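One structure is given below, encoded as structure tokens.
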Amino acid sequence: MTEIDTAVPDFRDRVVLVTGGTTGMGLATARLLLERNAHVVITGRDEGRLASAAERLSRAADDARLLTVRADSADLTDLEGLAEVIRERHGRLDGVFANAGVGAFQRAEEVSEAAFDHVVDVNFKGVFFTIQQALPLLDAAGGGSIVINASWTLHRGMAVAPVYAASKAAVHNLARTLGADLAGRNIRVNSVSPGYIVTDMFTGFAPEQAAQDAIAATVPLNRLGQSSDVAEAVAFLLSPQSSYITAQDLLVDGGLVTALPGS
Ligand SMILES: NC(=O)c1ccc[n+]([C@@H]2O[C@H](COP(=O)([O-])OP(=O)(O)OC[C@H]3O[C@@H](n4cnc5c(N)ncnc54)[C@H](OP(=O)(O)O)[C@@H]3O)[C@@H](O)[C@H]2O)c1
């Protein structure tokens, strides 16, 4: 009989990159991985926000296991610099959470070319080149796991998110294609699709309590998600406990996409 490992995954001696780690799901995932002994690299666009994230993470780990790097995911030069910094500090990567993303909530007729380009540059191009730059570092570790932060909107249309939802469908499709391409290099690629998660992005979309309550009522589990809900799923997909899972999407949405509320 195969032995089943029931221990909480430990990331000791593993190095994980979390893009967009200054707030929300990126920050929560960085915290969880640090608590599980990983070396974590977080990115963001602003040194001040990175410093405040480091301060918030200092309770989870000493500075030695956390590296902050200012890198705009939409800028290939920044992503090349990020890979170089990780190469110098660690020489490898065991996991990547390609999480950095921007929300865009406008109906199709209202979308300008600049707004379209910004969403696609961060959410799609940024994820693609983050992964491309990480590949030699994953190879140096002998393989690893990549998790892309997609969205429930890739499964179910949302009238005010035509470009955003399509950008998330694109990155989930990357998980399928790269899952096939990279399997021979011992690299798994999956996406997570969060539902409504209470972060700065969500409160920007629905600032009023009444709107948040109305949204929660559309979720079968009858609550909004927390960043920690997603962090647990990401840690699982990054860990060897998910070693037979690749090219998949894991919904972390309280049932939003696949079920109607029961009452
Ligand atoms: N919240 C939800 O309900 C929800 C649902 C489904 C999917 N998602 C996805 O979840 C991911 C995380 O979002 P969140 O909800 O946790 O929101 P958040 O708190 O606003 O976090 C977004 C993160 O992305 C970073 N970021 C944004 N643009 C960047 C860029 N060009 N380069 C590097 N970093 C960048 C931000 O860092 P700085 O601002 O410091 O640069 C921040 O750390 C996104 O991909 C989002 O699309 C969110």
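Of all residues in the stretch 194-212, those that are within 7 Å of the ligand (Cβ to nearest atom) and among the small types (G, A, S) total 1.
Here M158 fulfils each of the conditions (1) assigned to a loop (DSSP other than H, G, I, E, B); (2) in contact (Cβ under 8 Å) with a residue 24 or more places away in the chain; (3) among the aliphatic types (A, V, I, L, M) apart from (2). Just to be sure, is S242 surrounded by 15 or more Cβ atoms within 10 Å (Cβ to Cβ), under 24 Å from V102 (Cα atoms) and not hydrophobic (A, V, I, L, M, F, W, C)? No. Summed over the stretch 161-179, residues that are within 13 Å of the ligand (Cβ to nearest atom) and part of a helix (DSSP H, G or I) total 10. Among the residues of the stretch 62-96, those that are modelled with pLDDT of 95 or more, charged (D, E, K, R) and part of a loop (DSSP other than H, G, I, E, B) comprise D72, D75, R92, D94. Please specify each residue of the stretch 187-206 satisfying the condition of being of a type outside the set (G, A, S) and closer than 12 Å to D229 by Cβ. Correct list: V192, P194, Y196, I197, V198, T199.
Inspect all residues belonging to the stretch 198-221 and state whether any of them is in contact with a Pro (Cβ under 6 Å, 6 or more places away or on another chain), β-branched (V, I, T) and either free of Cβ contacts under 8 Å to residues at least 60 places away in the same chain or buried (at least 22 other Cβ atoms within 10 Å of the Cβ) (or both). No, that holds for no residue.
Residue-wise test of (1) more than 18 Å from I148 (Cβ to Cβ); (2) basic (K, R); (3) away from the ligand (no atom under 16 Å from the Cβ).
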| residue | (1), (2), (3) |
| --- | --- |
| R14 | yes, yes, yes |
| T22 | yes, no, no |
| M25 | no, no, no |
| L32 | no, no, no |
| R36 | yes, yes, yes |
| H39 | yes, no, yes |
| T43 | no, no, no |
| D46 | yes, no, no |
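For the stretch 97-138, a residue qualifies if it is among the small types (G, A, S) and either touching a residue at least 40 places away in the same chain (Cβ under 8 Å) or not in a loop (DSSP other than H, G, I, E, B) (or both), and the qualifying residues are A98, A100, G101, G103, A104, A108, A114, A115, G126, A134.
Only one of the listed residues (A61, A71, A83, A104) is closer than 22 Å to F128 by Cβ, in contact with a Leu (Cβ under 7 Å, 6 or more places away or on another chain) and more than 8 Å from the ligand (Cβ to nearest atom). That residue is A83. In the stretch 107-160, the qualifying residues are those that are buried (at least 16 other Cβ atoms within 10 Å of the Cβ) and acidic (D, E), and the one that is nearest to the ligand (Cβ to nearest atom) is D121. Filtering the stretch 213-241 to residues that are within 15 Å of the ligand (Cβ to nearest atom), assigned to a loop (DSSP other than H, G, I, E, B) and not β-branched (V, I, T) leaves L221, R223, L224, Q226. For the stretch 21-75, a residue qualifies if it is of a type in the set (S, T, Y) and either surrounded by 21 or more Cβ atoms within 10 Å (Cβ to Cβ) or more than 26 Å from G195 (Cα to Cα) (or both), and the qualifying residues are T22, T29, T43, S52, S58, T68, S73.
The values are calculated or read from the model by the stated rules, or taken from the named source; none is laboratory data. All of these numbers come straight from a predicted model, not from anything done at the bench. Note that we place each Cβ from the backbone using ideal geometry, even for glycine, and neighbour counts take in every protein chain shown.
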